[in-house]
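Chemist: Next up is a structure, given as structure tokens.
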Amino acid sequence: AHDARARVRTMKAVICNESRLRVADIPAPKPGKGQLLLDVLRCGICGSDLHLYRGKIPDLHDGDVLGHEFMGVVEEVGSGVTQVNPGDRVVIPFVIACGECFHCRLAEYAACETTNTGKGAALNQKGLLPPAALFGYSHLYGGVAGGQAEFVRVPKANVGPLRIPEGVADEQVLFLSDILPTGYQAALNAGVKPGSTVAIFGAGPVGLMSAACCRMLGAETIFMVDHLRYRLDYARRAYGVTPIDFKATEDPADY
């Protein structure tokens, strides 16, 4: 199906329009040097997208394409791309990194010094770590079109895309774009190890990913703190957490 769609010159995408979001027909991108064109098979709506929707992230322009959780099939590659080929199924990380600068060589990809040409790069002039470019996340982070679209142009195609093995479903890898690494990094930063006792504040998707990663790392007891019972109930069923409802009138230990 993606072969037929690739021949069209327009595509549907979620764009910003007068401070609101809408689905629009816009020109389909073409890959340049070091880039690939991805036929998007699955994309997600991240909680971070709500920050854009509510106006908490500045420098979002009319016509900007949103979305930073997506995967799909490589449709076309530009010159210089050697790590992936047309037909490969890949998942794309949220962060766009060059793989060559000082921070990338330290595996600090979110602080890539070269990919963000937006206003956020000015932080580097103040002695702070500049943020890398991000897909679909305003011109503060490079103004790169995101993946809530039929096609997306992926820069630094030799660095970011992760090839998906056969036998693994699209839905199983979609969260590798952002939300699962976020939860995993939290568990690593907390130093979780076998026998650990952990408290996770917030039973939303990232909290659930953190709980899953804590279990994987051997945590013995996980307290999950929230005030929405349906989320706490799910976390208890799925990951065996000890739920704490901070708005409950009864003793949280009796939940």
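The values are calculated or read from the model by the stated rules, or taken from the named source; none is laboratory data. Quantities reported herein were computed from a predicted structural model and do not represent experimental measurements. Reconstructed Cβ throughout: ideal geometry from the backbone, glycine too, with neighbour counts over all protein chains shown. For accessibility, only protein heavy atoms count, side chains too; no ligands or nucleic acids. Shrake-Rupley method; radii C 1.70, N 1.55, O 1.52, S 1.80 Å.
Chemist: Considering segment 63-92 alone, what residues qualify as being within 28 Å of Glu18 (Cα to Cα), assigned to a loop (DSSP other than H, G, I, E, B) and in contact with a Gly (Cβ under 8 Å, 6 or more places away or on another chain)?
Modeler: Across segment 63-92, the qualifying residues are Asp64, Leu66, Gly67, His68.
Chemist: List, please: which pairs have Cβ atoms under 7 Å, are six or more places apart or on different chains, and start with a residue in segment 194-206 that is farther than 21 Å from His227 by Cα and end with one that is open to solvent by less than 20 Å² (accessible area, probe 1.4 Å)?
Modeler: Ser196/Ala219
Chemist: Quickly run through segment 14-33 and pick out the residues that are among the acidic types (Asp, Glu) and more than 20 Å from Leu52 (Cβ to Cβ).
Modeler: Scanning segment 14-33 gives a single hit, Asp25.
Chemist: From the list Asp254, Asp245, which one is among the acidic types (Asp, Glu), open to solvent by 20 Å² or more (accessible area, probe 1.4 Å), modelled with pLDDT under 95 and on the phi < 0 side of the Ramachandran plot?
Modeler: Numbers: Asp245 fails: open to solvent by 20 Å² or more (accessible area, probe 1.4 Å).
Asp254 is the lone residue from the list that is among the acidic types (Asp, Glu), open to solvent by 20 Å² or more (accessible area, probe 1.4 Å), modelled with pLDDT under 95 and on the phi < 0 side of the Ramachandran plot.
Chemist: Quick one: which of Leu52, Leu60, Leu37 is part of a strand (DSSP E or B), touching a residue at least 24 places away in the same chain (Cβ under 8 Å) and buried (at least 17 other Cβ atoms within 10 Å of the Cβ)? Break it down into steps so the answer makes sense when it comes.
Modeler: Details: Leu52 fails: part of a strand (DSSP E or B); Leu60 fails: part of a strand (DSSP E or B).
It is Leu37.
Chemist: Still on this structure, I have one more. Would it be correct to say that Gly47 is in contact with a Pro (Cβ under 8 Å, 6 or more places away or on another chain), among the small types (Gly, Ala, Ser), open to solvent by 30 Å² or more (accessible area, probe 1.4 Å) and on the phi < 0 side of the Ramachandran plot? Break it down into steps so the answer makes sense when it comes.
Modeler: Values: in contact with a Pro (Cβ under 8 Å, 6 or more places away or on another chain): yes; among the small types (Gly, Ala, Ser): yes; open to solvent by 30 Å² or more (accessible area, probe 1.4 Å): yes; on the phi < 0 side of the Ramachandran plot: yes.
Yes; evaluated as a whole, the condition is true for this residue.
Chemist: Can you tell which of Leu128, Leu176 is modelled with pLDDT under 95 and surrounded by fewer than 17 Cβ atoms within 10 Å (Cβ to Cβ)?
Modeler: Working: Leu176 fails: surrounded by fewer than 17 Cβ atoms within 10 Å (Cβ to Cβ).
Only one candidate qualifies: Leu128.
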